[in-house]
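Undergrad: The structure is given below, and queries will be raised subsequently.
The values are calculated or read from the model by the stated rules, or taken from the named source; none is laboratory data. Keep in mind it's a predicted model, so treat the numbers as computed, not measured. Ideal geometry is used to build each Cβ from the backbone, glycine not excepted, and the neighbour counts take in all protein chains shown. Just so you know, the surface numbers come from the protein's heavy atoms only, side chains and all, with ligands and any DNA or RNA stripped out. Shrake-Rupley method; radii C 1.70, N 1.55, O 1.52, S 1.80 Å.
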Amino acid sequence: MKNVTYIGTRDKNIRYKASEAILKGICPDGGLFIPEEMPVMEKSIEELTEMDYRNLAYEVMSLFFTDFTEDELRYCINNAYDSKFDTDKIAPVVEKDGVYFLELFHGKTIAFKDMALSILPYLMKTSAKKNNIDKEIVILTATSGDTGKAALEGFADVEGTRIIVFYPDGGVSPVQRMQMVTQKGKNVCVAAITGNFDDAQSAVKSIFTDAEMIKELDNKGFMFSSANSINIGRLIPQVAYYWYAYCQLVKDGKIKVGDKINFTVPTGNFGNILAGYFAKKMGLPVNKFVCASNSNKVLYDFFKTGTYDKNREFILTTSPSMDILISSNLERLVCMLTSQEETAKLMKSLAEKGEYSMTAKADDIVGEYADEEETATAIRTMYTNADYVLDTHTAVAYAAYNKYIEESGDTTPTVIVSTASPYKFAKDVCTAIDEKYKDCDPFELMKELEKISGVKIPAPVVDIEKREILHNNLCEREKIKDFVRAQLNK
Ligand SMILES: *Cc1c(COP(=O)(O)O)cnc(C)c1O
């Protein structure tokens, strides 16, 4: 096994081991970490197909986290992917109406963020130990709804850590909000922040690169890290389920070893789909990735034209976890397609003008999008045809996939990456199925959804509306640094 070094997307002379990159989260110059060289899968698909999720995850992650010992990594994996998930398969593939859905919502917060955030705290603690860090790690997280809860759940009461989560005021679903503001734990803090997700993400990123503030808190015994998908400790665990999905199709006799498949991924910050792209670079037989956006279709335009332009209206949609105009992880793809020098220039242009253009292209990524009506139609159609209820984000992907096959005639078997349980977005899902629900109470509709779907309300959100609200903070985005200081001085 080759050692993998992590280098910066804006400067290849920034070089760290995996454990160091996990602790830092982001490069000092604002760039992101990428593996200097992509590892190649060493085991055959036949061997991988015999493995359960944990063993397969080990085969993938051990190729990237090369400074972890086998014991360390297996400890992290075995503690993350256990009975917290409501199925032994962890990430099952189901076939509905002729397409495959990779269900990534069987963890504690019923969204795919659990796949990475149930392991990140273990990776981080192990990394701290390996690097003799005696500081308290402060996790700062901006969330469009799902990351926040999954990170809170992962880090709550983890010794040696604190976590502060910022979500856009009014920009998350009622269930998402309740999940966060009722979070228990001695080391957790949740605050609504004025503005949208991009504002929250930019505010948090500005702290990570504020040398003065970092120093000030260092003196007080703190260090910052990130639980957003800019952290490779989140990105790499996600590579595993792309392999696992492929192996399940082989095991079920749906494809033969070596056949190519497509993945359609509902995309916001470009983390999930990038993990799939990494899997392909390691050797997974993939034909196309369809990058599905909602009405905030900045990525669709980018893949069509080569111009990334965030200067446009930010639209609040029924798929809030994809309401993003600055997709952080795209920087990694840009760097893989160009160079550090070029990426630094383009990101400067993004920061100063809100746009950049490039000619290099990833031929295996196709942009598609679905507007609000197409998304609702997708939910209704799938329910009518297969009695299967999609959440709003997965529905964006399903609608985008249908547009893609109409345009391309591509008949490659396709896996749609299913990122959330419909219960998280019960109101919009029910209303898509039947207009009569449009004025109903969102929490009442969870009970209705149980009748409609035949799937029980997942344990983590039963009676969520009755739980005590523990976090009432509202932070103005210009004052985020003061807010963080005040929290840490408590
Ligand atoms: C976060 C999220 C997405 C977007 O994933 P990215 O990795 O940010 O592209 C899609 N769907 C749901 C339900 C999410 O929580």
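Undergrad: I need the calculated FRET efficiency for the pair Thr209 and Thr384, taking r as the beta carbon distance and R₀ as 45 Å, to the nearest 0.05.
TA: Plugging the Cβ-Cβ distance into 1/(1 + (r/R0)^6) gives 0.35.
Undergrad: Let me ask you something else. Suppose the chain between Asp82 and Asn287 were pulled fully straight at 0.36 nm per residue; how much longer would it get relative to their current alpha carbon spacing?
TA: Between Asp82 and Asn287, full extension yields 70.6 nm more.
Undergrad: Counting only residues 5 or more places away or on other chains, whose amide H sits under 5 Å from the amide H of Phe224 once H atoms are built in the peptide plane?
TA: Placed amide hydrogens put Val138 under 5 Å from Phe224.
Undergrad: What lysines could a cross-link reach from Lys89, if we take a straight Cα to Cα line under 17 Å and drop same-chain neighbours fewer than 8 places away?
TA: Qualifying lysines at Cα under 17 Å: Lys108, Lys113, Lys251.
Undergrad: Sorted from largest down, what three extents in whole angstroms do the Cα atoms of the chain have along their principal axes?
TA: 60, 50, 46
Undergrad: I'd like the distance separating the alpha-carbon centroids of the range 1-62 and the range 96-164, in whole Å.
TA: Comparing the Cα centres of the range 1-62 and the range 96-164, I get a distance of 17 Å.
Undergrad: Starting from the Cα of Lys481, step 7 Å toward the Cβ, then list every residue of the range 127-147 with an amide N under 19 Å from that point.
TA: Output list for this probe position: 138-142.
Undergrad: On to the next question. In debye, nearest 20, what is the charge dipole magnitude of the range 50-174 about its Cα centre with +1 on Lys and Arg Cβ and -1 on Asp and Glu Cβ, if you could check?
TA: 360 debye
Undergrad: Right, another one. Apply 1/(1 + (r/R0)^6) to the Cβ-Cβ distance of Glu216 and Asp309, taking R0 = 35 Å, and write down the FRET efficiency to the nearest 0.05.
TA: In this case the efficiency is close to 0.45.
Undergrad: Could I ask something else about it? When the helices in the chain are scored as -39500 (n - 2.57) per DSSP H run of 4 or longer and the sum is shared across all residues, what 222 nm value do you end up with, to the nearest 500 deg cm²/dmol?
TA: So the helix-based figure for the chain works out to -13000 deg cm²/dmol.
Undergrad: Given H placed on each backbone N at 1.01 Å, which residues far from Cys475 in sequence or on other chains put an amide H within less than 5 Å of it?
TA: When sequence neighbours closer than 5 places are left aside, the close amide H contacts are Ala192, Ile193, Thr194.
Undergrad: Place a label point 7 angstrom from the Cα of Ala156 along the Cα-to-Cβ direction, then list the residues of the range 442-482 whose backbone nitrogen is under 17 Å away.
TA: 458-473
Undergrad: Where the only charges are on Cβ atoms (+1 Lys, Arg; -1 Asp, Glu), what is the dipole of the chain about its Cα centre, to the nearest 20 debye?
TA: 1020 debye
Undergrad: Quick one: give the max-minus-min coordinate of the C-alpha atoms of the range 125-225 along each principal axis, largest first, in Å.
TA: 41, 27, 19
Undergrad: Under a 1.4 Å probe, what is the accessible area of the range 346-490 per residue, stated in Å²?
TA: 50 Å²
Undergrad: I'd like the accessible area for Val40, computed on protein heavy atoms only with a 1.4 Å probe and all protein chains in place. Round to 10 Å², please.
TA: Roughly 90 Å² of Val40 is accessible to a 1.4 Å probe.
Undergrad: Next up: Tell me the trypsin sites (Lys or Arg not before Pro) within the range 146-233 that lie in a loop according to DSSP and have at most 10 other beta-carbon atoms within 10 Å.
TA: Passing both the DSSP loop test and the Cβ count: Lys186.
Undergrad: Right, next: At a 1.4 Å probe radius, carbon and sulfur cover how many percent of the accessible area of the range 136-286?
TA: After summing per-atom areas, the C and S share lands at 47 percent.
Undergrad: When the Cα centres of the range 348-413 and the range 68-89 are compared, how far apart do they sit, in Å?
TA: Each part reduced to its Cα centre gives a spacing of 32 Å.
Undergrad: Still on this structure, please answer the following. Based on Cβ point charges of +1 for Lys and Arg and -1 for Asp and Glu, what charge dipole magnitude is obtained for the range 295-408 about its Cα centre, in debye rounded to the nearest 20?
TA: Dipole magnitude for the range 295-408 comes out near 340 debye.
Undergrad: Let me know the volume per residue of the alpha-carbon convex hull for the range 206-269, in Å³.
TA: Output value, Cα hull per residue: 115 Å³.
Undergrad: Whole-Hz Karplus ³J(HN,Hα) for the range 216-225, in order, using 6.51 cos²θ - 1.76 cosθ + 1.60 and θ = phi - 60°, x for Gly and Pro?
TA: 3, 7, 4, 4, 8, x, 10, 9, 8, 8
Undergrad: Taking H placed 1.01 Å from N in the peptide plane, check which residues at least 5 places from Asn287 or on another chain put their amide H under 5 Å from its amide H.
TA: Amide H neighbours of Asn287: Ile261, Asn262.
Undergrad: Could you order peptides 226-237, 150-161 by the average number of other Cβ atoms within 10 Å of their residues, highest first?
TA: 226-237, 150-161
Undergrad: If you add up the charges near Lys17, with Lys and Arg at +1 and Asp and Glu at -1, over every other residue whose beta carbon is less than 15 angstrom from its beta carbon, what do you get?
TA: Combined, the nearby Lys, Arg, Asp and Glu give 0.
Undergrad: Counting DSSP beta bridges with both partners in the chain, what percentage is antiparallel, nearest 5?
TA: 25 percent
Undergrad: Among 28-35, 326-333, what's the highest-first ranking by average C-beta atoms within 10 angstrom per residue?
TA: Packing proxy ranking, top to bottom: 326-333, 28-35.
Undergrad: Ok, one more. May I ask you to give the solvent-accessible area per residue for the range 70-161, in square angstrom, as obtained with a 1.4 angstrom probe?
TA: 35 Å²
Undergrad: Not counting ligands, DNA or RNA, and with a 1.4 Å probe, what is Glu47's accessible surface area in Å² rounded to the nearest 10?
TA: 90 Å²
Undergrad: Can you give me the distance in nm between label points at Met51 and Lys186, each placed 7 Å from the Cα along the Cα-to-Cβ direction?
TA: The modelled label-to-label distance comes out at 3.7 nm.
Undergrad: Test of understanding: what is the full-extension gain from Lys256 to Ser44, defined as 0.36 nm times their sequence separation minus their Cα-Cα distance?
TA: Net length gain for the segment: 75.0 nm.
Undergrad: A further question follows. Rolling a 1.4 Å sphere over the protein heavy atoms, what is the accessible area per residue of the range 267-311, to the nearest Å²?
TA: It amounts to 24 Å² per residue over the range 267-311.
Undergrad: Please list, in order along the range 26-41, the HN-Hα scalar couplings obtained from phi with the Karplus expression 6.51 cos²θ - 1.76 cosθ + 1.60 (θ = phi - 60°), rounded to whole Hz, x for Gly and Pro.
TA: For the range 26-41, the Karplus-derived couplings read 9, 6, x, 8, x, x, 10, 8, 10, x, 4, 9, 6, x, 9, 4 Hz, x marking Gly and Pro.
Undergrad: Convert each backbone phi in the range 102-111 into a coupling constant with the Karplus relation 6.51 cos²θ - 1.76 cosθ + 1.60 (shift: θ = phi - 60°), then list the ³J(HN,Hα) values in order as whole Hz, x for Gly and Pro.
TA: Once rounded to whole Hz, the list reads 8, 7, 9, 10, 9, x, 5, 10, 6, 9.
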